[in-house]
1. Against the definition (in contact with a helix residue (DSSP H, G or I) (Cβ under 8 Å, 6 or more places away or on another chain) and either without any contact (Cβ under 8 Å) to a residue 60 or more places away in the chain or farther than 17 Å from residue 9 by Cβ (or both)), how does residue 34 come out, yes or no?
2. Tell me which residues, restricted to the stretch 5-22, are of a type in the set (Ser, Thr, Tyr), closer than 14 Å to residue 96 by Cα and surrounded by 13 or more Cβ atoms within 10 Å (Cβ to Cβ).
3. Against the conditions (1) under 14 Å from the mean Cα position of the chain (by Cα); (2) over 17 Å from residue 93 (Cα atoms); (3) touching a residue at least 24 places away in the same chain (Cβ under 8 Å); (4) not in a loop (DSSP other than H, G, I, E, B), where does residue 72 fall short? Just the number, please.
4. Having 1 or more residues that are more than 15 Å from the chain's Cα centre (by Cα) and either at negative phi or among the β-branched types (Val, Ile, Thr) (or both) is the bar; report the helices (runs of 4 or more DSSP H) wholly within the stretch 1-55 that clear it.
5. Yes or no: the stretch 25-35 includes at least one residue that is crowded, with 16+ Cβ neighbours inside 10 Å, closer than 15 Å to residue 101 by Cβ and in contact with a His (Cβ under 8 Å, 6 or more places away or on another chain).
6. Taking the stretch 56-67 only, how many residues are in a helix (DSSP H, G or I) and loosely packed, with under 10 Cβ neighbours inside 10 Å?
7. In this structure, is residue 16 closer than 20 Å to residue 81 by Cβ and small (Gly, Ala, Ser)?
8. Looking at the stretch 1-24, which of its residues are under 26 Å from residue 92 (Cβ atoms) and aliphatic (A, V, I, L, M)?
Amino acid sequence: MYIEFRTKQLKSCYFSEKARVRRWGRAVAHQYVARIDVLRIIDSLSDLRKFPSLSYHPLKGDRRGQHALRLTRRMRLIFSVEEEVTVDGAVKKCARIEEVSKHYGN
């Protein structure tokens with residue numbers, strides 16, 4: 001999948017270890033990059049279900065259309081997936097990194 005970031009800060013945190021460690025701490029920073037790298041190599045969301053340790057699940061309610069992956073026990077990576085048709089007619093899937101949040105707001 002192609003990766004997009006909702007904010008410049010999320011993108012900066014992916015490419016800069018210093019930025020991500022400062023923002024979330026070492027444990028979350030490491031998992032942030034690892035989870036995005038997983039999203040880059042998969043072909044479909046069903047591939048994520050093969051790895052229970054990722055704790056992949058689609059979100060419900062006002063977050064319908066978004067998905068979550070566990071980063072640590074309390075933190076998760078929220079992303080959405082869009083399909084785009086390229087000029088040559090091919091369909092590409094794009095994972096948009098929405099945010100890193102505390103699970104259940106605590």
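Since every read-out is calculated from the coordinates, none of them should be taken as a lab result. This one's a predicted model, so the numbers in the text were calculated from it and none came from an experiment. Glycine also receives a Cβ, built like all others from the backbone with ideal geometry; neighbour counts cover every protein chain displayed.
1. Numbers: in contact with a helix residue (DSSP H, G or I) (Cβ under 8 Å, 6 or more places away or on another chain): no; either without any contact (Cβ under 8 Å) to a residue 60 or more places away in the chain or farther than 17 Å from residue 9 by Cβ (or both): yes.
Taking the combined requirement at face value, the residue does not satisfy it.
2. Just the residues of the stretch 5-22 that are of a type in the set (Ser, Thr, Tyr), to begin with: 7, 12, 14, 16.
This time we only want the ones that are closer than 14 Å to residue 96 by Cα, so: 7, 14.
Within the stretch 5-22, just 14 meets the criteria.
3. Going through (1) under 14 Å from the mean Cα position of the chain (by Cα); (2) over 17 Å from residue 93 (Cα atoms); (3) touching a residue at least 24 places away in the same chain (Cβ under 8 Å); (4) not in a loop (DSSP other than H, G, I, E, B) one by one, residue 72 breaks only (4).
4. Details: elements: 8-15, 17-24, 26-41.
In the stretch 1-55, the matching helices (runs of 4 or more DSSP H) lie at 17-24, 26-41.
5. Checked the stretch 25-35: no residue is crowded, with 16+ Cβ neighbours inside 10 Å, closer than 15 Å to residue 101 by Cβ and in contact with a His (Cβ under 8 Å, 6 or more places away or on another chain).
6. Total satisfying the criteria: 2.
7. Numbers: closer than 20 Å to residue 81 by Cβ: no; small (Gly, Ala, Ser): yes.
When the stated conditions are applied, residue 16 does not pass them.
8. 1, 3, 10 - these are the residues of the stretch 1-24 that are under 26 Å from residue 92 (Cβ atoms) and aliphatic (A, V, I, L, M).
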